[in-house]
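S.K.: Before we start, here is the structure in question, set down as structure tokens.
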Amino acid sequence: MTNLFGQLINLFAALLLLIAFAMLSQRRVLSLINLFAFQGLVLSVSTAIVAWSSSQHHLYYSAALTLLLKVLVLPWILHRLIRRLNVKWDVETMFNIPTTMLVGIALVVFAFNLAAPISQMAGTITKGTLGIAMASVLLSFLMMITRSKAVPQVIGFLAMENGLFFAATSATYGMPMVVELGIALDVLVGMFILGIFFFQIRETFDSLDLKHMEKLKEE
């Protein structure tokens, strides 16, 4: 039974990594939001499997919180934002997609080498997925720094938080529930603040391209 749980967790970890690569190569903002919601669903199901296999009952609450916040609430907020802002495409990147994907592969190799000695010290059933979790974090960070628009950068930040949560689950069976609730509240409040920030940028510059913020430095 333990082997079955381990295989399921590895399957969902591989899905998380594939979704991270899909988000990295995606240009359409609507598709990015849908991929983020799917990533949250995979993370929620994998957390529930870890809770079942390890008898860590607090992880059931974490899985439910992830499902509510990252599959339902945050994607709904993001969809409303892009409808109000009339944002559908994000075509400007620092590098072309093939180059970005090659950098992403290099980051995955780096993450696996970095996680190897840590995984050996972990005593959890999910220790083999720590490298994937770290790779997901790095790929999300890469997506943040290679996009010039504000909305994809925020989605990259939220995806990076998903990777960090999966890393915590892989290494230590999650964080205390109080900490997770605090982080969830911070993320939700941050989304409302960023929504106001988006509207301010749009009203001021008639665009969500962060390059326009450089004008403020010159003034």
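The values are calculated or read from the model by the stated rules, or taken from the named source; none is laboratory data. Computed from a prediction, not measured in an experiment: that's the story for all the values here. Backbone-built Cβ (ideal geometry, glycine too); neighbour counts: all protein chains shown. Heavy atoms of the whole protein, side chains included, go into the accessibility calculation; ligands, DNA and RNA do not. Shrake-Rupley method; radii C 1.70, N 1.55, O 1.52, S 1.80 Å.
S.K.: How would 29, 109, 45 rank on accessible area, largest to smallest, probe 1.4 Å?
M.R.: In descending accessible area the options line up as 109, 45, 29.
S.K.: Is the shape of the stretch 31-99 best called rounded, prolate or oblate, per the rule: a/c under 1.5 gives rounded, else a/b larger than b/c gives prolate, else oblate, with a ≥ b ≥ c the square roots of the Cα gyration tensor eigenvalues?
M.R.: Oblate is the answer for the stretch 31-99, as a/c is 1.5 or above yet b/c matches or exceeds a/b.
S.K.: A further question on this structure: Mind ordering 149-156, 96-103, 133-140 by average Cβ neighbours within 10 Å, highest first? Each step should come with its number before you reach the end.
M.R.: Details: 149-156: 22.4, 96-103: 13.1, 133-140: 25.4.
Top to bottom by mean Cβ count within 10 Å: 133-140, 149-156, 96-103.
S.K.: Applying the Karplus parametrisation 6.51 cos²θ - 1.76 cosθ + 1.60 with θ = phi - 60° to the phi angles of the stretch 12-29, what ³J(HN,Hα) value in whole Hz is obtained for each residue in order, glycine and proline being reported as x?
M.R.: In residue order, the calculated couplings are 5, 5, 4, 4, 4, 5, 5, 5, 4, 5, 5, 5, 5, 8, 7, 9, 7, 5 Hz.
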